[in-house]
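The values are calculated or read from the model by the stated rules, or taken from the named source; none is laboratory data. Bear in mind that the values here come from a model prediction, so they are computed numbers and not experimental data. A quick note on method: Cβ atoms are made from the backbone with ideal geometry, for glycine too, and the neighbour counts reach across all protein chains shown. Please note that ligands, DNA and RNA were not included when accessible areas were found on the heavy atoms of the full protein model with its side chains. Shrake-Rupley method; radii C 1.70, N 1.55, O 1.52, S 1.80 Å.
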Amino acid sequence: MIEIDGGQKSGSGTIVRTAVALATLLGEELHLWNIRAKRDNPGLRPQHLQAIKACQEICRGEVEGAKVGSREIIYRPGKEIRGGKYQWNIGTAGSTTMLALTILPLACFASAPLSCRVTGGLFQDFAPSAFHTKYLLFPLLYRMGLKAKMEIIRPGYVPEGGGIIQIEAEPAPLGSLVLNSRGKVKGIRGIALSSHLEEARVSHRMA
């Protein structure tokens, strides 16, 4: 069994997501404790819990201690990473993109193409925005062999959430990425998005 102290370094939820995803790929049991020990609200939050359950569902695994506030889990992954269609609702404005990044490595080694719809937050502090994930990260991963795409179905904000993203990914071996030289700047583009603020022209002022 892999033993991991979740309070190491920054003691963040990234340890939870990464540990569970890699344990699934390795097919090894995981004991994770001191979960998010250095955070103001330690233990699993809804977004971390849903990431664990997503990995569990994809591989038909088992988990003990999977509840909001839990500071310790035991995770036993199943023997096969399965493709198919999935839906996960974080239930808060927790990051949908972080959940997507948790299951993407699993999709590379799945038995069939994977399609998932994730409901939650798309734009919040300390997490990659949906635009960054779609327009910057996914094209870079595509150059490494990841055959995946992401669509923004509906924006979602703090504190309600309610945003939706759709991920489609095919099993594919990943290759290395070599960037030896800086390319020339061909242009600068951006997206300014605001909710219920049209009269104040917030998007226009941001742009």
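I want the antiparallel fraction of DSSP beta bridges within the chain, as a percent rounded to 5.
Working: 22 of 34 bridges.
Counting only bridges with both partners in the chain, antiparallel ones make up about 65 percent.
For segment 137-174, which GluC sites (Glu not before Pro) are in a loop by DSSP, counting at most 14 other Cβ atoms within 10 Å? All intermediate terms of the calculation are to be shown ahead of the outcome.
On the way: sites: 151, 160, 168; in loops: 160.
Here the GluC sites (Glu not before Pro) that fit, given the DSSP loop and packing criteria, are 160.
With every protein chain kept in place and ligands, DNA and RNA left out, what is the accessible area per residue of segment 49-203? Probe 1.4 Å, answer in Å². Let's see the in-between values first.
Numbers: 9250 Å² over 155 residues.
Computed with neighbouring chains in place, this is 60 Å² per residue.
Taking Rh as the Kirkwood radius computed over C-alpha pairs, what is the Stokes-Einstein D of segment 50-149 at 37 °C in a medium of viscosity 0.692 mPa s, expressed in µm² per second? Could you put the intermediate results ahead of the total?
Values: Rh = 14.4 Å.
Once the numbers are plugged in, D ends up at 227 µm²/s.
Would you mind checking the radius of gyration and Dmax of segment 66-207 based on alpha-carbon positions, in Å?
Using the Cα atoms of segment 66-207, the pair Rg, Dmax is 17.5, 54 Å.
Let me have the 222 nm mean residue ellipticity of the chain computed from DSSP H runs of 4+ only, each contributing -39500 (n - 2.57), with the sum over all residues rounded to the nearest 500.
Working: 5 runs with 51 residues, N = 207.
Calculated at 222 nm, the ellipticity per residue is -7500 deg cm²/dmol.
Quick check: pseudo-label points 7 Å beyond the Cα along Cα→Cβ at residue 109 and residue 79, how many nm apart are they?
Using points 7 Å along Cα→Cβ, the separation is 1.6 nm.
By a straight-distance test (C-alpha under 20 Å), which aspartates and glutamates pair with residue 134 as possible cross-link partners, with residues fewer than eight away in the same chain excluded?
125, 151, 168, 170
Find the centroid of the Cα atoms in segment 121-146 and in segment 157-204, then give the distance between the two in whole Å.
Each part's Cα centre sits 6 Å from the other's.
Residue separation times 0.36 nm, minus the C-alpha to C-alpha distance between residue 33 and residue 10: what's the value?
Numbers: separation 23, 0.36 × 23 = 8.28 nm, distance 1.43 nm.
Stretched out fully, the residue 33 to residue 10 stretch lengthens by 6.9 nm.
Once you put a point 7 Å from the Cα of residue 204 and another 7 Å from the Cα of residue 176, both along the Cβ direction, what distance in nm separates them?
5.2
Can you tell me the length gained on complete extension of the stretch residue 136 to residue 195, counting 0.36 nm per residue apart and subtracting the Cα distance? Could the numbers behind the result be given before it?
On the way: separation 59, 0.36 × 59 = 21.24 nm, distance 2.30 nm.
Extra length available between residue 136 and residue 195 comes to 18.9 nm.
Run the accessible area of the chain with a 1.4 Å probe and give the carbon-and-sulfur part as a rounded percent. Write out the running numbers ahead of the final one.
Values: 6210 of 12080 Å².
The computed percentage sits at 51.
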